[in-house]
Amino acid sequence: MRTRSLGTTGPQVSALGLGCMGMSSLYGDADRTESIATLHAALEAGVTLIDTGDFYGMGHNEMLIGEALRAAPASRREQALVSVKFGALRDPVGGWGGVDGRPAAVKNFAAYSLQRLGVDHIDVYRIARLDPDVPIEETVGAISELVEKGYVRHIGLSEVGADTIRRAAATAPIADLQIEYSIITRGIEDRILPTTRELGIGITAYGVLSRGLISGHFTRDRQLAANDFRSFSPRFQGENLDHNLGLVDALRKIAEQKGVSVAQLAIAWVLSRGEDIVPLVGARTRQRLSEALGALEVTLDEADLAAVETAVPADAAAGDRYPQAQMTHLDSER
């Protein structure tokens, strides 16, 4: 397994990370046994970066990962680095209640995550969304105190813009920014990516397959469960979906010429964007994990990259990446 560094101050991690949200929430029901088997297969393949959020399934995802780590061979368990997002408030029926980035809340969230994961430290800790009522300096400062006490190893950020990144980095060393980045989601290229590179901050890219939209497996007639985020995501609706799947058809032609899958092409494209970028793949099954890992063997030359750019220009996608109510919480979009 190749490795990449999470910025100049962060750890060395596998070139691909495993995003575990879908094993607990937002993509319909998941198979617990298969989820744990997929986590074990990822560790066995050399994947070291495991990403979660304390609000994924209201703690379910952390407990699932904790269970998988306890059952893994000691050598694999010791290699795992767990990245945790915190701060999103939930209610008993799964609703969202904003974000809490107060220092006292930061320490409270961390205490519960350590218990659910069954670990003595969190490798990378980050607030999931900027709390508009709490200066980022206060939130990052609270995480820095956890670093000093040994409960957290590295500080990360999530979905924040260039100005917030600079303020956070002036407060404490920042390992990485977690943010959506894919062939059809390239907003970070204007200001955010130049800023992280200037400051030596890595990128962990989620949504590299745009929630399955550009995986090559999503079809126009697919029926989505009511508890599947994509059932109300703008890019999966009506004419937007038709347009976006047309982009996938264009990518499929390039993938077929290279003898790879569309998903592998899409992941390889993100890998090609720089050694400071670590894609997170949201595989929920061993089959999808195996396909994603195959992207590590795909090399895209200048002709391939030009073909992708022609097929899917930077602003080609139809629809926002989140419903409007959620877009307003993204500091990265301001």
How many residues does region 162-179 hold that are touching a residue at least 60 places away in the same chain (Cβ under 8 Å) and surrounded by fewer than 21 Cβ atoms within 10 Å (Cβ to Cβ)? 1
Taking region 217-252 as the region of interest, how many residues are exposed (fewer than 12 other Cβ atoms within 10 Å of the Cβ), touching a residue at least 60 places away in the same chain (Cβ under 8 Å) and within 23 Å of ALA311 (Cα to Cα)? 1
Hits in region 123-167 - residues which are among the acidic types (Asp, Glu) and in contact with a helix residue (DSSP H, G or I) (Cβ under 8 Å, 6 or more places away or on another chain): ASP131, GLU137, GLU138, GLU145, GLU159
Any residue at all in region 84-94 that's touching a residue at least 60 places away in the same chain (Cβ under 8 Å) and surrounded by fewer than 21 Cβ atoms within 10 Å (Cβ to Cβ)? yes
With respect to ALA283, determine if the residue is under 22 Å from SER35 (Cβ atoms) and open to solvent by less than 20 Å² (accessible area, probe 1.4 Å). yes
Filtering region 52-80 down to residues that are among the charged types (D, E, K, R) and farther than 21 Å from ALA105 by Cβ yields GLU67, ARG70, ARG76, ARG77, GLU78
Report, by residue number, each residue of region 256-281 that is polar (S, T, N, Q) and within 14 Å of ASP301 (Cα to Cα). GLN257, SER272
Any residue in region 131-139 that is over 17 Å from the mean Cα position of the chain (by Cα), crowded, with 17+ Cβ neighbours inside 10 Å and more than 24 Å from PRO194 (Cα to Cα)? yes
Quick one: would you say ARG222 is of a type in the set (D, E, K, R), under 20 Å from ALA30 (Cα atoms) and in contact with a strand residue (DSSP E or B) (Cβ under 8 Å, 6 or more places away or on another chain)? no
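Listed here are the residues, each with its yes/no results for (1) touching a residue at least 12 places away in the same chain (Cβ under 8 Å); (2) touching a Lys or Arg at 6+ places or on another chain (Cβ under 7 Å); (3) within 30 Å of ASP133 (Cα to Cα).
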| position | (1), (2), (3) |
| --- | --- |
| ILE254 | yes, no, no |
| TRP269 | yes, no, no |
| GLY294 | yes, no, no |
| LEU305 | yes, no, no |
| THR310 | no, no, no |
| PRO323 | yes, no, yes |
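Does region 287-310 contain any residue that is part of a helix (DSSP H, G or I), in contact with a Gly (Cβ under 6 Å, 6 or more places away or on another chain) and at pLDDT 95 or above? Explain how you work it out, then say what you get.
Residues of region 287-310 part of a helix (DSSP H, G or I): 287-297, 302-310.
From what is left, the residues that are in contact with a Gly (Cβ under 6 Å, 6 or more places away or on another chain) are none.
There is no residue in region 287-310 that is part of a helix (DSSP H, G or I), in contact with a Gly (Cβ under 6 Å, 6 or more places away or on another chain) and at pLDDT 95 or above.
Among the candidates VAL208, VAL106, VAL119, single out the residue that is open to solvent by 20 Å² or more (accessible area, probe 1.4 Å), at pLDDT 95 or above and either under 26 Å from GLU62 (Cβ atoms) or touching a strand residue (DSSP E or B) at 6+ places or on another chain (Cβ under 9 Å) (or both).
When all the criteria are applied, what remains is VAL119.
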What do you reckon, is SER290 surrounded by fewer than 17 Cβ atoms within 10 Å (Cβ to Cβ), of a type in the set (Gly, Ala, Ser) and over 16 Å from ILE184 (Cα atoms)? yes
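The values are calculated or read from the model by the stated rules, or taken from the named source; none is laboratory data. Only a predicted model underlies this, so the values are computations on that prediction, with no experimental measurement involved. Reconstructed Cβ throughout: ideal geometry from the backbone, glycine too, with neighbour counts over all protein chains shown. Please note that ligands, DNA and RNA were not included when accessible areas were found on the heavy atoms of the full protein model with its side chains. Shrake-Rupley method; radii C 1.70, N 1.55, O 1.52, S 1.80 Å.
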